[in-house]
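Report on the following structure.
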Amino acid sequence: MFSSIIALIILFSVLITIHEFGHFIVAKRNGVKVEKFAIGFGPKIYQKKKGETTYIISVIPFGGYVKLAGEEIDKEKFEEWEYMGKSPGIRSKILFAGSLNNLIFGFILLIPVFMIGTISYEGTKIGDFIKNFPAEKSGLKVGDEVLEVNGEKCKTWLDVTLKIKDYTKKYKDKPLNLKIKRENEILIYSIKPAPYTVEENGKKLTEYIIGILPKEKLEKYPFHRAVIKSGKEFFEISFTTLIGLKLLFQRKLSIRHFTGPVGISEIAVAAWKVGFVSYLQFMAILSINLGIINLIPYPVLDGGHIFGLLIEKIRKKRPNMKTLQIIQNIGAISLILFALFITYQDIGRIFERNLKIK
């Protein structure tokens, strides 16, 4: 239990520190006075002033912030060393730096992951079948490589999953075609999906699947190849995150598939128990996800502020204080409600699993 708590503290405090340090260092380099650099919230357990900045560590490690001089816009004139005294371009750099740090950190973490060795999917090869589902009885074999789903090419297992899911949502129990490579043969299989019921938060959801599972392999590389592989994995994680967001906005992916702080904590503890490599890999994935999500042009998020600065640069006029406050309040309230809903889902899943175990 104690080691799990330590794992969570390390995860959140490291990712937050990396993010805030991005804002901090770029602000400093552009001549903005940084008044506070804080990790955590609540009562202070450490405080020291060095130069113009007060460094703070607080009891609750799940958070942090950087306080820049002149962030408020309730005055007309700003000094050169204040945040609002800088051009929209420089302010955008300061805001963007937090997410950039998370993205770079995620990439760097993946290098030791691939040097030590990790389990991954072997392209689009089939590794197993779900018992008593159509694929198992279709003639497909373990090791078969899925080239196409209904004429659409597949390069990754994510492609295979999404294309099958898109088709079965539209046509449910109509047969779909798989183009398969088996050694030197190219084969076509027509497979009719079957209903598969899952429970989420006490509700039964029915999906139509054929029942194929990916083939896994151990990936371990020397340093130079690990760097190359990390780059590829970085873009794969980024692409998957963007696709997930796109599907959410298109209403092809339910909000119920999203995980909040409680769910993330549960996954982090599970990864910690599996081993150091799994924990590092999860931290890398989470860091990259945070970097991307934080750039969404939504009020309160850095991406929302950057979007506002773009408008300011086009209009060549600072936003109205009252209008900005209203937008920020709406964004903050909606984000809190979203976080509460996701947390409710996470807790519901945990209770549901525990009840099943009992």
- Note on the structure: Log entry, pairs with first residue in region 35-46 being under 21 Å from residue 72 (Cβ atoms) and open to solvent by 50 Å² or more (accessible area, probe 1.4 Å), second being part of a strand (DSSP E or B) and of a type in the set (Ser, Thr, Tyr), beta carbons closer than 6 Å, six or more apart or on different chains, reads 36/54; 41/58
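Residue-by-condition table, conditions (1) among the hydrophobic types (A, V, I, L, M, F, W, C); (2) out of contact with any Cys (no Cβ under 7 Å at 6 or more places or on another chain); (3) at pLDDT 90 or above:
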{"site": "9", "(1), (2), (3)": "yes, yes, no"}
{"site": "18", "(1), (2), (3)": "yes, yes, yes"}
{"site": "26", "(1), (2), (3)": "yes, yes, yes"}
{"site": "30", "(1), (2), (3)": "no, yes, yes"}
{"site": "43", "(1), (2), (3)": "no, yes, no"}
{"site": "48", "(1), (2), (3)": "no, yes, yes"}
{"site": "67", "(1), (2), (3)": "no, yes, yes"}
{"site": "71", "(1), (2), (3)": "no, yes, no"}
{"site": "119", "(1), (2), (3)": "yes, yes, no"}
- For region 138-178, what are the residues that are open to solvent by 40 Å² or more (accessible area, probe 1.4 Å), outside any strand (DSSP E or B) and more than 25 Å from residue 217 (Cα to Cα)? 150, 151, 166, 167, 169, 170, 171, 172, 173, 174, 175
- Item | Members of region 88-105 found to be open to solvent by 10 Å² or more (accessible area, probe 1.4 Å) and touching a residue at least 12 places away in the same chain (Cβ under 8 Å), listed by number | 88, 89, 90, 92, 93, 95, 96, 100, 101, 103, 105
- Query: What strands (runs of 3 or more DSSP E) completely inside region 184-245 contain at least 3 residues that are modelled with pLDDT under 90?
  - Reply: 194-200, 203-209, 212-219
- Task: Kindly indicate whether any position in region 281-294 is within 28 Å of residue 330 (Cβ to Cβ), open to solvent by 30 Å² or more (accessible area, probe 1.4 Å) and at pLDDT below 85.
- Result: no
- Message: I'm trying to understand the selection: among the residues of region 159-207, which are closer than 21 Å to residue 144 by Cβ and either touching a helix residue (DSSP H, G or I) at 6+ places or on another chain (Cβ under 6 Å) or of a type in the set (Lys, Arg) (or both)?
- Response: 163, 165, 176, 179, 181, 182, 191, 192, 193, 194
- Message: Of the residues 253, 324, only one is surrounded by 13 or more Cβ atoms within 10 Å (Cβ to Cβ), modelled with pLDDT under 75, outside any helix (DSSP H, G or I) and hydrophobic (A, V, I, L, M, F, W, C); which?
- Response: 253
- From 319, 297, grab the single residue that is over 17 Å from the mean Cα position of the chain (by Cα) and modelled with pLDDT of 70 or more. 319
- If residue 25 satisfies every condition in (1) touching a Phe, Trp or Tyr at 6+ places or on another chain (Cβ under 9 Å); (2) assigned to a helix (DSSP H, G or I); (3) among the hydrophobic types (A, V, I, L, M, F, W, C); (4) under 25 Å from residue 88 (Cα atoms) but one, which is the exception? (1)
- Message: Just to be sure I understand, how many residues within region 32-90 are part of a loop (DSSP other than H, G, I, E, B) and out of contact with any helix residue (DSSP H, G or I) (no Cβ under 7 Å at 6 or more places or on another chain)?
- Response: 12
- Item | Pairs where the first residue, in region 12-31, is surrounded by fewer than 19 Cβ atoms within 10 Å (Cβ to Cβ) and the second is basic (Lys, Arg) and not in a helix (DSSP H, G or I), C-beta under 9 Å, 6+ apart | 30/86; 31/86
- Starting from region 132-143, keep only residues that are touching a residue at least 24 places away in the same chain (Cβ under 8 Å), then list their pairs with residues that are of a type in the set (Ser, Thr, Tyr) whose Cβ atoms are within a distance under 9 Å, requiring at least 6 positions of separation or different chains. 133/196; 135/189; 138/189; 138/190; 139/189; 140/189
- Out of curiosity, is residue 131 at pLDDT 90 or above, assigned to a loop (DSSP other than H, G, I, E, B) and open to solvent by 50 Å² or more (accessible area, probe 1.4 Å)? yes
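The values are calculated or read from the model by the stated rules, or taken from the named source; none is laboratory data. Nothing here was measured: the structure is a model prediction, and the numbers come from that model. Neighbour counts are summed over all protein chains in view; Cβ atoms, including those assigned to glycine, are modelled from backbone coordinates with ideal geometry. Accessible surface is based on the protein model in full, side chains and every heavy atom, while ligands, DNA and RNA are left aside. Shrake-Rupley method; radii C 1.70, N 1.55, O 1.52, S 1.80 Å.
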